[in-house]
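Below is one structure; the comments refer to it alone.
Taken together, the values in this text are just the output of simple stated rules run on the coordinates, not laboratory data. On a predicted model such as this, the values are computed, not experimentally measured, just so you know. Virtual Cβ from ideal backbone geometry, glycine too; neighbours counted across all protein chains shown.
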Amino acid sequence: MALRRTQTKTEFSKLREQAGLTLPEVEELLKVDRRTVYRYERGETKPSRLARDILRQAAQERTTQDNAPPLFRFIDLFAGIGGLRMGFEPAGGRCVFTSEWDLKCQETYRLNYPDNHEIAGDIRPYADNPDLIPEHDVLLAGFPCQPFSIAGVSKKNALGRPHGFLCDTQGTLFFDTAQIIAHHRPAAFVLENVKNLERHDRGRTFATIKHSLEKELGYHVQHRVISSQPWVPQKRERIFIVGFREPTKFDFAALELPDPARGPKLRDILDTEVPDKYTLTPNLWKYLKEYKEKHNAAGNGFGFSRFGPDDVARTLSARYYKDGSEILIAQKGKRPRRLTPRECARLMGFDTKEREFRIPVSDMQAYKQFGNAVVVPVVRFLADALRPYLETAVARARSTKQQKEFILVTRPDRPEIAEAHG
């Protein structure tokens with residue numbers, strides 16, 4: 001897999017990102033014109049000392065952390081636009097390390113989360129040298145799912161390419177995650193992937209994952225497929241894998257989920273007024289209808305899906321930007337339309353009562369980002385359920401570490417005693 005080019009950032013660009021500001025917002029804050037802001041961003045003109053001080057102050061105010069210590073520290077691997085983070089921060093967590101490969105996802109992530117750490121790109125150098133990653137109590141990872149998804153497998157089969165653990169790109173990234181777990185030994189981890197992971201390669205892929213986590217790393221592992229329908233008007237099923245370093249009483253199978261029949265409907269996330277650009281063009285609508293008619297005649301169900309305000313949608317995918325066919329919204333007297341990126345933010349649970357998720361990228365990139373994301377309320381529900389067990393596990397792990405360090409200081413001649421406590 002070819003490494004992506006890194007972009008050299010100016011001091012102005014770094015301060016702007018730390019402050020969580022878009023270019024138009026900086027223009028308003030500094031009271032300068034758009035062309036000047038772009039010259040600052042590209043490094044063609046150096047901003048005044050006053051402008052730099054204003055940005056530093058904005059960045060400092062945004063990244064100032066609560067003085068109260070967090071319940072647990074976590075790292076956010078394959079972070080995307082931060083859906084796992086959004087679920088675990090309200091449960092008492094503080095993010096101390098972020099890794100995300102995609103530069104556009106990094107842009108969205110930076111704008112939405114106040115951080116005092118840089119976003120790491122390729123995870124592999126960190127897996128090779130895990131000391132580069134700060135100490136943490138919980139590891140979160142939505143490791144890439146394309147090699148395991150139904151669509152990904154079908155595409156690779158059609159092209160004659162390997163998938164799963166034979167894939168020489170994303171399929172191996174689970175093992176990079178495992179290397180980090182093996183080195184840091186966090187008190188717990190939460191992994192997320194597509195539902196099809198359980199069935200991929202007749203179950204052998206998932207058996208390999210469980211063997212690695214349980215037998216090789218020694219964690220107590222449970223998993224469960226959870227649908228998003230109780231929380232958002234979308235039928236999106238994902239597998240969550242939870243592991244604890246020490247035994248706990250957490251019972252994933254017994255966790256009671258809300259009734260999906262009482263979940264929200266599309267009317268709860270749809271806008272009343274939508275720009276015409278989201279309505280399908282006559283040619284695209286004609287093509288989608290003919291495509292569906294052809295497959296219906298062949299006896300299969302391929303084709304577009306159209307929904308009304310009282311419906312629950314299919315799964316939003318990263319390919320939504322192409323034609324929107326999996327979730328088309330019916331319009332009276334008009335051709336159907338795509339969801340807007342803002343409606344996608346609501347459909348995925350990124351917009352909350354407390355704040356509106358910020359979308360700095362193009363519609364195409366936004367569709368990709370939300371289509372690859374986790375549903376935030378599902379993660380929040382899981383994080384709240386795990387919180388008491390995490391609290392106990394983290395306290396136990398920190399106590400064990402203190403005992404080990406004490407023994408190493410007081411009995412340097414007997415390192416095997418310290419190892420017995422670790």
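By how many nm would the segment from ARG202 to LEU50 lengthen if fully extended, with 0.36 nm per residue of separation less the alpha-carbon distance? If you can, show how the numbers build up before the last one.
Details: separation 152, 0.36 × 152 = 54.72 nm, distance 6.26 nm.
Length gained between ARG202 and LEU50: 48.5 nm.
Look at SER13, SER399, SER99 and count the other Cβ atoms within 10 Å of each Cβ; fewest to most, that gives SER399, SER13, SER99. Restricting the trypsin sites (Lys or Arg not before Pro) of the stretch 196-285 to loop positions (DSSP other than H, G, I, E, B) with no more than 16 neighbouring Cβ atoms within 10 Å leaves ARG199, LYS235, LYS249, LYS265.
Remark: the GLU28-LYS294 segment gains 90.4 nm on full extension, using 0.36 nm per residue and subtracting the alpha carbon distance. Projected label points at ASP271 and HIS183, each 7 Å from Cα along the beta carbon direction, are separated by 4.4 nanometres.
May I ask you to derive the FRET efficiency for LYS332 and ARG358 from their Cβ-Cβ distance with R0 = 41 Å, giving the value to the nearest 0.05?
Details: r = 32 Å, r/R0 = 0.78.
Computed FRET efficiency for LYS332 and ARG358 comes out at 0.80.
The 3J(HN,Hα) values that the Karplus relation (6.51, -1.76, 1.60; θ = phi - 60°) gives for the stretch 376-384 are, in residue order, 4, x, 5, 5, 4, 4, 5, 4, 5 Hz. Gly and Pro appear as x. Here the spin labels are modelled as points 7 Å beyond Cα on the Cα-Cβ line, and at ARG224 and LEU255 they lie 0.5 nm apart.
Spin-label pair THR36-HIS117: with each label point 7 Å from Cα along the Cα-Cβ axis, the two points sit 3.7 nm from one another. In order along the stretch 303-309, the Karplus-derived 3J(HN,Hα) couplings, from 6.51 cos²θ - 1.76 cosθ + 1.60 at θ = phi - 60°, round to x, 5, 10, 10, 10, x, x Hz, and Gly and Pro are given as x.
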